[in-house]
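Nothing in this text is a laboratory measurement; each read-out follows from the coordinates by a stated rule. Computed from a prediction, not measured in an experiment: that's the story for all the values here. Cβ atoms come from the backbone with ideal geometry, glycine included; neighbour counts cover every protein chain shown.
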């Protein structure tokens, strides 16, 4: 197990970690234990009994080994949110599970963002993935490895997440760890860009013990299927982003953020992972024209990173051209404050482009479109803001050009919201028949706008769609099933690596 000494430096088994020349490169994420029992009222006692039984058997099998999750950020994006819950539930089940975050510097995040875009089949910034980029990437890997190898013992299980960590695999294998690389992104059909990204990553991944992807179609051809597990993501219904919020708390949070006019009698509240009550007192960065939102009007939202793959400009254009003339609805595009997301260097440029597009609208059009950047300095408040916005929305959209899974889709479906979303990647798996509207061509702005307007005209259909969506998430995308899939995978790996 791990602890902190007085200087906040990791210790394990009495051995202090040395600081690298660049300072501390590897940091831990403090995660609360989350009791599995709280899932019982939602999923039933039988499902949790199965998980407890499997976890107990796995705990005996794993012995003194630790499971390490390693990624590149503790905040922003679905991976960090999933790890917060999955690590907490695993610990509650008695499994020694830790979460470490590596540090990047120099060109590193520009390179990994390029890989991210190319694995999604797009050119991104169009930059190269040559020897210079490989050298810069390797340098960051080496700088982090010195500390990782002091923390991780031979025989431990290591789950590396996404391209930012792929270069750690060989050294961890040589160290004696059992290494799994988990890729949260992908595209159903390969092209020149995906081939470029996999050519860069493949040398780092040849020796890993196993791979995890969200969909079978994301697996590149050079990986044999017996080395692959398909594990879709999940949500935690009790996280600040997904827990129930009353109408008063929704109104108070949205007013405090600055979306609604007026003052609040008291701050809106949410419950953190430890079960403590907190209030939302931060405001958002809001770009709007004229009066604040009218709570009585229909609200269409998209919540995502400021990322070219999410196509916020397309959402705005479709709304202005096809929805605005037919309804009195308002559009809100919601992303994280770009200054608070360290691993996405394109975010500021995408937001700037969206703001420029908004500024070119007429006054009447600008008054119906609002841009919101949420602060990330307090992750609990950030999550509660997203929760409130999603719960107030009439329709939630996700017009991604490519999507590995799209956990914001699951979050909105859990809140019984009708959705219009692109039929790309993992979105296809989440929006089952009757649970939402799938846009076959993500670039078809006319159809996208007409689908939204059509839903707003059929409130009964929207309600029924929302009920089905909630039930589908409950059956397929809650954390207990996610954990069981990992227990099965790790058990098989331990059996083959005695």
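Values as computed for the structure displayed
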| read-out | value |
| --- | --- |
| Packing rank of 167-177, 290-300, where each peptide gets the mean count of other beta carbons within 10 Å, highest leading | 167-177, 290-300 |
| Antiparallel content of DSSP bridges confined to segment 198-357, in %, to 5 | 25 percent |
| Nitroxide proxy distance, nm - points 7 Å out along Cα→Cβ at residue 150 and residue 59 | 3.1 nm |
| Stretch gain in nm, segment residue 348-residue 195, where the contour uses 0.36 nm per residue and the Cα spacing is subtracted | 52.3 nm |
| Point-to-point label distance, residue 281-residue 328, nm (Cα→Cβ direction, 7 Å offset) | 3.7 nm |
| Calculated FRET value between residue 188 and residue 294, using beta carbons and R₀ = 35 Å, to 0.05 | 0.30 |
| Fraction in percent of alpha-carbon pairs per bin - 10 Å, segment 113-244 | 12, 38, 33, 16, 1, 0 |
| Computed FRET value (nearest 0.05) for residue 357 with residue 45, which takes r as the C-beta separation and R₀ as 51 Å | 0.50 |
| Angle between the chain longest axis and helix 131-151 axis [Cα atoms, degrees, rounded to 10] | 60 degrees |
| Relative contact order (percent, whole number), the chain, Cα cutoff 8 Å, 6+ residue spacing | 15 percent |
| Linear extension gain, residue 475 paired with residue 266, 0.36 nm per residue minus alpha-carbon span | 71.6 nm |
| The chain: angle of helix 347-359 to the longest principal axis, Cα-based, in degrees nearest 10 | 10 degrees |
| Segment 247-476: projected area of the alpha-carbon convex hull, averaged over directions, in nm² | 12.2 nm² |
| Beta bridge orientation in segment 247-476: antiparallel %, DSSP, nearest 5 | 25 percent |
| Average silhouette area of segment 16-174, convex hull of alpha-carbon atoms, in square nanometres | 11.4 nm² |
| Cα centroid of segment 383-397 to Cα centroid of segment 35-61, whole Å | 30 Å |
| Matching label, Cα extents along the principal axes in Å computed from the structure shown, candidates [x] 72, 56, 41; [y] 135, 70, 45; [z] 64, 51, 45 | [z] |
| Folded to 0 to 90 degrees: helix 78-92 orientation relative to the chain principal axis, Cα | 50 degrees |
| Separation in nanometres of the label points that stand 7 Å from Cα toward Cβ, at residue 206 and residue 433 | 4.7 nm |
| Efficiency of FRET from Cβ geometry, residue 317 and residue 247, R₀ 35 Å, rounded to 0.05 | 0.60 |
| Alpha carbon centroid spacing (whole Å) that separates segment 285-333 from segment 457-498 | 30 Å |
| Cα gyration tensor shape of segment 386-434, rounded if a/c is under 1.5, else prolate or oblate by comparing a/b with b/c | prolate |
| Beta bridge orientation in the chain: antiparallel %, DSSP, nearest 5 | 25 percent |
